[in-house]
Amino acid sequence: MKQKMIKTAIVILNWNGIDHLKKFLGVVVENSSYPGTEIFIADNGSTDGSVDWVEESFPSVKLIKFGKNHGFAEGYNLALKQIDAEYYILLNSDVEVTPGWIEPLVLYMERNQDTAACQPKIRSLQNKEYFEYAGAAGGYIDKYGYPFCRGRIFNYVEKDTGQYNDNKHIFWSSGACMIVRAAAWEKCNGFDSDFFAHMEEIDLCWRFHKTGYKVCFISESVVYHVGGGMLPYDSPFKTYLNYRNNLFLLHKNLPSPSFRKILFIRKSLDALAAGMFLLNGKFAFFHSVWRAHMDYYKYMGSLKIKRDFVKTQTISDISVPILNKSIVFEFYLKRKKTFDKLKMNIL
């Protein structure tokens, strides 16, 4: 049963994250007294005592309990069905928020009814002068589906010197910390549960754009992210999810004129990456890419249904901030390591 309607619900999805909760939940509670805000922990069947600790330590925090781990995507889908709010703030358990972080996000959403989601500036907790990999100053993709950020391209992360201190329309907002308009979430059916984890927010933001919404970066709000909390960035399973989910993303959302061509090129680039893993003796990562492609073909039936649904929601004559060239080529061959060196043209 849904709670009584509230303005803003901060929802932290937890799975055996008691260490992160002990370190960061108190900071969230302390810095989230903005009017109309309530905090929820949605627990994905933890077995580490997380739920008992939250109940004893923070009785004001509301708990939603699941009997098993539904993954990031479906975990949030199930949790938000039980929360009646105008805005959801999806917040990773390994994020340190700062004083005043909520107000700029909510005020921007209030003043811009055409905006579906926003993200704050996300810096690294380990090195606070630098952006953090998963989001930085707002996310983009290139024409072949490779994600990157203002402040982070592949593994090159920039120092934050104020170069991106402007509110900006972006392609995707980071699932590490993002505010979402509940009406837009419901219209676009939330996350795709088949993604399980990784890139589900990029897929959702692409659907936001297709239905006429905007996605934005708000520089006045700042948080610090540990990153790789559940899966390290160099995890073979994470590699599998990223390659598989990227194919899901493209299959569902690519416009029809370029659908087959872009998918063919992307698959060829993946084959090249798999070959490099093999040559470098990274057999687990080679297997991750191979498995990702095999599983992609298993989902063809459901992907067709989802692609057809996306087409029914797509508004004509919309432009989205996608880099109309290869970020791989720009980064590795042209040596363009920072976002400001890219010439963004809209597809």
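So if I place +1 on the C-beta of Lys and Arg and -1 on the C-beta of Asp and Glu, and nothing else carries charge, what would the dipole magnitude of the chain be about its Cα centre? I want it in debye, nearest 20.
My answer is approximately 1640 debye.
What dipole magnitude, in Debye to the nearest 20, does the range 236-315 give about its Cα centre under +1 on Lys/Arg Cβ and -1 on Asp/Glu Cβ?
160
What does the convex hull of the alpha-carbon atoms of the range 148-231 project to on average, in nm²?
6.4
Which residue, 25, 189, 126, has the largest displacement toward the positive end of the dipole of the range 6-225 when charges sit on each Cβ (Lys, Arg +1; Asp, Glu -1)?
It is 189.
Return P(r) of the range 1-122 (all Cα-Cα pairs; 10 Å bins starting at 0; whole %; ordered from short to long distances).
Taking all Cα pairs of the range 1-122, the binned fractions are 13, 47, 34, 6, 0 percent.
Quick one: compute the contact order of the chain, relative version, from alpha carbon pairs under 8 angstrom and 6+ residues apart, as a percent.
Reported relative contact order: 18 percent.
Among 279, 13, 241, which comes first, second and so on when ranked by fewest other beta-carbon atoms within 10 Å?
Arranged by neighbour count, lowest to highest, 279, 13, 241 become 279, 241, 13.
Report P(r) for the chain: all Cα-Cα distances, bin width 20 Å, range 0 to the bin holding the largest distance, values in whole percent.
31, 61, 8
Can you tell me which lysines have their Cα less than 20 Å from the Cα of residue 65? Leave out same-chain residues fewer than eight positions away.
List returned: 2, 4, 22, 81.
Starting from the Cα-Cα distance between residue 84 and residue 68, subtract it from 0.36 nm times their residue separation and give me the gain in nm to one decimal.
3.5 nm
Roughly speaking, what is the centre-to-centre gap between the range 305-338 and the range 283-302 when only Cα atoms are used, to the nearest Å?
22
Under 12 Å Cα to Cα from residue 341, which aspartates and glutamates show up? Leave out anything in the same chain fewer than 8 places away.
Qualifying aspartates and glutamates at Cα under 12 Å: 330.
Take the chain, mark every one of the chymotrypsin sites (Phe, Trp or Tyr not before Pro) that falls in a DSSP loop and has at most 16 other Cβ within 10 Å, then report the longest stretch left between them, sites excluded.
Looking at the chain, 1-153 is the longest stretch - no exposed chymotrypsin sites (Phe, Trp or Tyr not before Pro) with at most 16 other Cβ atoms within 10 Å.
With runs of 4+ DSSP H residues as the only contributors, calculate the mean residue ellipticity of the chain at 222 nm using -39,500 (n - 2.57) per run, divided by the residue total and rounded to the nearest 500.
Rounded to the nearest 500, it is -11500 deg cm²/dmol.
For the range 236-315, compute Rg over Rh where Rg is the Cα radius of gyration and Rh is the Kirkwood radius from the inverse mean 1/r over Cα pairs.
For the range 236-315, the value is 1.04.
Name the residue, out of 103, 330, 38, whose mean-square fluctuation peaks in a Gaussian network model built on the chain with Cα pairs under 10 Å.
330
Please list the three semi-axes, largest first and in whole Å, of the ellipsoid equivalent to the range 85-212, using sqrt of 5 times the eigenvalues of its alpha carbon gyration tensor.
22, 18, 14
Gap in Å between the Cα centre of the range 78-96 and the Cα centre of the range 110-161?
First find each Cα centre; the distance between them is then 20 Å.
Mean separation of Cα pairs under 8 Å and 6+ residues apart, divided by the residue count of the range 236-315: what relative contact order is that in percent?
Reported relative contact order: 49 percent.
What is the dipole size for the range 142-296, taken about its Cα centre, with +1 at each Lys and Arg Cβ and -1 at each Asp and Glu Cβ, in debye to the nearest 20?
Charge dipole of the range 142-296: 500 debye, to the nearest 20.
Step through the table entries 121/311; 143/238; 210/267; 298/336; 214/343, compare each Cα-Cα distance with 27 Å, and write down the pairs that go over it.
121/311; 298/336, as the Cα separations exceed 27 Å there.
Quick one: among 107, 263, 78, which has the greatest mean-square fluctuation in a GNM of the chain with alpha-carbon springs under 10 angstrom?
Highest fluctuation of the listed residues: 107.
Could you work out which residue, out of 151, 135, 227, moves most in a Gaussian network model of the chain, that is, has the largest mean-square fluctuation with Cα springs under 10 Å?
Its mean-square fluctuation being the largest, the pick is 227.
Please report the antiparallel percentage of DSSP beta bridges with both residues in the chain, rounded to the nearest 5.
45
From the phi angles alone, apply the Karplus equation (6.51, -1.76, 1.60; θ = phi - 60°) to the range 60-72 and give each ³J(HN,Hα) in whole Hz, x where the residue is Gly or Pro.
With coefficients 6.51, -1.76 and 1.60, one gets 6, 7, 7, 10, 10, 10, 10, x, 8, 7, 8, x, 5 Hz.
Once you place label points 7 Å from the Cα toward the Cβ at residue 163 and residue 259, how far apart are they in nm?
The two pseudo-label positions are separated by 3.9 nm.
Rank these for me by crowding, 97, 180, going from fewest to most other beta carbons within 10 Å.
97, 180
Every number here is computed from the coordinates shown, using simple stated rules; none is lab data. These numbers come from a predicted model, not from an experiment. Reconstructed Cβ throughout: ideal geometry from the backbone, glycine too, with neighbour counts over all protein chains shown.
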